[in-house]
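Written out below as structure tokens is the structure these notes cover.
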Amino acid sequence: MSENTPKTIQDALKNASNAQENTFKAKDKAKPGRKPLPPHLKQNHTITFYLSQEEYDTLKALADQEADSVSFFVKRYVLKHLIRG
């Protein structure tokens, strides 16, 4: 054994630099990843409807003209007409 190795647990705890502080230090660091959205900006409600192939093709052609996905195109169209009245 080297001179610096403690012989008992009590010796190790006496010589440790505040073990509890080191344990909780990581908790104080910023968490990695994306920050959560505030509740008023979350979009967590779903609406589902079914279309025939012909209806979907027509809708897809209109969405392609706007360079949008079908779902974004429908959402924008519905919200625009709801707001307009």
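The values are calculated or read from the model by the stated rules, or taken from the named source; none is laboratory data. A quick note: this is a predicted structure, and the numbers were derived from the prediction, not measured. For neighbour counting, all protein chains shown are included, and Cβ atoms are generated from backbone atoms with ideal geometry for every residue, glycine included.
A compact table of results
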{"item": "Residue list for the stretch 36-60, filter: loosely packed, with under 10 Cβ neighbours inside 10 Å and more than 14 Å from residue 78 (Cβ to Cβ)", "result": "36, 38, 39, 40, 41, 42, 44, 50, 52, 53, 54"}
{"item": "Verdict on residue 18 being within 30 Å of residue 4 (Cα to Cα), surrounded by 10 or more Cβ atoms within 10 Å (Cβ to Cβ) and either at pLDDT below 90 or touching a helix residue (DSSP H, G or I) at 6+ places or on another chain (Cβ under 7 Å) (or both)", "result": "no"}
